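Reading through the structure tokens given below for one structure.
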Amino acid sequence: MPVLVDDRYQQGLIVARRDFTKDLWSIRIRPLDPFPFRAGQYLTLGIELEDRVLERPYSIVSAPDEPELELFIELIPGGALTPHLHRLGEGQSVWLRRRPKGLFLRQPPASGRVHLFCATVTGVAPFASFLRLLARRSPSEGGAVPKILLLQGASHADEFGYREEMEGLGRELPGFRYVPTISRPWDEPGWGGEVGRAEDVIRKYADDFGVAPGQGMAYLCGHPGMIAGGRALMRRRGLPDKEILEEQYWPEGKEPTGSDN
Ligand SMILES: Cc1cc2nc3c(=O)[nH]c(=O)nc-3n(C[C@H](O)[C@H](O)[C@H](O)COP(=O)(O)OP(=O)(O)OC[C@H]3O[C@@H](n4cnc5c(N)ncnc54)[C@H](O)[C@@H]3O)c2cc1C
């Protein structure tokens, strides 16, 4: 173990990489030691750079029962870590803090209730983890399933990454509906889906789906602007703050110059 890294860390081997666009990709990491976590948590990933280990948190896409840890990452031009991470592929290693973190889905979507999941681009990660888990629950376990509406916003359709999987789950999981929405439809004349930012289309679907105070929870993940907008909308619908849970990926107003997020 290098001097910079102590036993709070373990090594993880990148065993697969998938590129969705030039700046969005996923990796699957095999941790050397077991890495137990709950759906909705994040891990802290680091790489050694000169005299330090540079770390950032990443929500885990994989379900807790998968052997590998999957991450969905956006390259931030000029960012400290992602330009280095973007160069890593299969067979290369990263450092992982041994303990997962995060309380985002600490109150997992309860069965028989109505839940709104709202994500921007990579913010779909914790929801994907939970939905994978839900899909693997055998139908013979019976009981009521949670009713879940997942709205995912992006500028363009190729940023959804997990769209095919989410659409598949939409057909497979009773009570689950996936709605991707793009904010730059003029770039994509072939797009037949929803348009507008995620927070702008909430209103259209929330009534139909039964998102209401006392009925379930709203979970918002990713872009700080979407979170602020989504929270305001949920409050206007009468949801108390304890029914609105948030995972914000970066501070409001801190996008790098030139970012179209
Ligand atoms: C709990 C949590 C979970 C996260 N999960 C994910 C995840 O699953 N996938 C993922 O890609 N990122 C995720 N992030 C963001 C991630 O931790 C890093 O901030 C991001 O990868 C940028 O790192 P960097 O070192 O390259 O940029 P930095 O040098 O840290 O940041 C450069 C600038 O970019 C801003 N910034 C950071 N992220 C974004 C973004 N996506 N869009 C626009 N501006 C941004 C920062 O505020 C800063 O001003 C998560 C953050 C948190 C707090």
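The numbers here are math on the coordinates, done by the rules we state, and not lab data. The structure presented is a predicted model; accordingly, all values stated were derived computationally and were not measured. Counting neighbours? That spans all protein chains shown, and the Cβs are built from the backbone with ideal geometry, glycine included.
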Open item on the list: Give me the extension gain from E167 to W186: residue separation times 0.36 nm, minus the current Cα-Cα distance, reported in nm with one decimal.
Closed with: 4.5 nm
Task: Highest average packing first - 30-36, 228-234, 112-118, Cβ atoms within 10 Å - done: 112-118, 228-234, 30-36
TODO: Could you tell me how many degrees, from 0 to 90 and to the nearest 10, lie between the Cα long axis of helix 125-136 and the main elongation axis, the longest principal axis, of the Cα atoms of the chain?
DONE: 70 degrees
- [ ] Sort 177-187, 121-131 for me by packing, meaning the mean count of neighbouring Cβ atoms within 10 Å per residue, highest on top.
- [x] 121-131, 177-187
Open item on the list: If each DSSP helix of 4+ residues adds -39,500 (n - 2.57) and the sum is divided by the residues in the chain, what number results at 222 nm, nearest 500 deg cm²/dmol?
Closed with: -6000 deg cm²/dmol
Task: Cross-link reach list, lysines versus K204, counting only Cα pairs under 24 Å and skipping chain neighbours closer than eight places - done: K147, K242
Task: Linear extension gain, R177 paired with V5, 0.36 nm per residue minus alpha-carbon span - done: 57.6 nm
Task: Antiparallel DSSP beta bridges within the chain, as percent of all bridges there, nearest 5 - done: 55 percent
Open item on the list: Considering all projection directions equally, how large on average is the shadow of the alpha-carbon convex hull of segment 114-248, in square nanometres?
Closed with: 8.0 nm²
Open item on the list: Quick check: the angle from helix 224-236's long axis to the longest principal axis of the chain, C-alpha only, nearest 10 degrees?
Closed with: 30 degrees
TODO: Mind giving me the nanometre distance, one decimal, between the label points for A135 and A212, set 7 Å out from Cα along Cα→Cβ?
DONE: 3.1 nm
TODO: Report, in degrees rounded to the nearest 10, the 0 to 90 angle that the Cα long axis of helix 163-172 makes with the longest principal axis of the chain.
DONE: 50 degrees
TODO: Run the quick spin-label model on Q248 and L103: label points 7 Å from Cα toward the beta carbon, then report their separation in nm to one decimal.
DONE: 1.6 nm
Task: Shape of segment 187-261, Cα gyration tensor, a/c cut at 1.5 - done: oblate
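If you take every residue apart from G40 with its C-beta less than 9 Å away from the C-beta of G40, what net charge results, scoring Lys and Arg +1 and Asp and Glu -1?
That works out to +1.
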